[in-house]
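Worksheet for the structure shown next.
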Amino acid sequence: QVQLVESGGGLVQPGGSLRVSCVASGIIFRWYDMAWHRQAPGKQRELVAGITGGGSTNYADSVKGRFTISRDNAKNKVYLQMHSLKPEDSAVYYCNAASRSTGYWGQGAQVTVSS
């Protein structure tokens with residue numbers, strides 16, 4: 001049974017930092033490209049950042065220079081470090097694992113940026 005479990009969401013003030021984590025089970029983690037997506041109320045889910053099994057990364061323009069995605073293949077974990085958070089970063093953040101043939105989603109972690 002495949003599971004992706006996010007943690008680390010919460011409430012943070014504008015300009016603050018937060019790290020969300022995702023631990024995967026039931027898959028050969030290093031074979032999967034991992035990504036973070038987010039969805040705000042009334043908006044479509046969007047890609048925030050991705051990282052391949054080999055460590056290549058990509059970011060949405062809106063988060064470049066503020067967010068960093070990383071992975072630890074030994075721990076089956078992927079992280080999203082977020083700095084200089086803005087109210088518009090508020091959303092549910094979802095972990096995604098993708099191979100050529102399949103993909104899996106976590107249940108999401110709420111991130112709220114507000115004073």
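The values are calculated or read from the model by the stated rules, or taken from the named source; none is laboratory data. Note that the structure is predicted; figures quoted are calculated from it, not measured. Here the Cβ is made from the backbone with ideal geometry for all residues, glycine too, and neighbour counts use every protein chain on show. Remember, those area values only see protein heavy atoms, side chains included, never the ligands or the DNA or RNA. Shrake-Rupley method; radii C 1.70, N 1.55, O 1.52, S 1.80 Å.
Taking the Cα centre as origin and putting +1 on Lys and Arg beta-carbons and -1 on Asp and Glu beta-carbons, what dipole magnitude results for the chain, to the nearest 20 debye? Kindly include the intermediate steps, with their values, before the conclusion.
Values: 12 positive and 7 negative charges, 31 e Å.
In debye, rounded to 20, the chain gives about 140.
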Practice task
For residue 86, list the aspartates and glutamates whose Cα falls under 15 Å from its own Cα; do not include residues on the same chain fewer than 8 positions away.
Solution key: 61
Practice task
Starting from the Cα-Cα distance between residue 17 and residue 56, subtract it from 0.36 nm times their residue separation and give me the gain in nm to one decimal.
Solution key: 11.7 nm
Problem - Full-stretch length increase - residue 39, residue 68 - with 0.36 nm per residue and alpha-carbon distance subtracted - result: 8.6 nm
Problem - Area accessible to solvent at residue 84, 1.4 Å probe radius, in Å² - result: 60 Å²
Handout entry: Top positive-direction residue, dipole computed over the stretch 13-115 with Cβ charges, set 47, 92, 107
Key = 107
Exercise for the section: Using 0.36 nm per residue of separation minus the Cα-Cα distance, give me the extension gain between residue 86 and residue 102 in nm, one decimal. Expected result: 2.5 nm
Completion exercise
Note on the chain: alpha-carbon gyration tensor, axes a ≥ b ≥ c; rule is a/c under 1.5 for rounded, else prolate if a/b larger than b/c, else oblate; result prolate
Exercise for the section: For the stretch 92-99, just list the computed ³J(HN,Hα) in residue order, Karplus coefficients 6.51, -1.76 and 1.60, θ = phi - 60°, integers in Hz, with x standing in for Gly and Pro. Expected result: 8, 9, 10, 8, 9, 10, 9, 10
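Placing +1 at every Lys and Arg Cβ and -1 at every Asp and Glu Cβ, with all other atoms neutral, what dipole size does the stretch 62-111 have around its Cα centre, in debye to the nearest 20? All intermediate terms of the calculation are to be shown ahead of the outcome.
Numbers: 7 positive and 3 negative charges, 38 e Å.
Rounded to the nearest 20 debye, it is 180 debye.
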Handout entry: FRET efficiency estimate (nearest 0.05) - Cβ-Cβ, residue 5 to residue 112, R0 25 angstrom
Key = 0.80
Exercise for the section: Evaluate the relative contact order of the chain (contact order divided by residue number), counting alpha-carbon pairs under 8 angstrom at least 6 apart; express in whole percent. Expected result: 37 percent
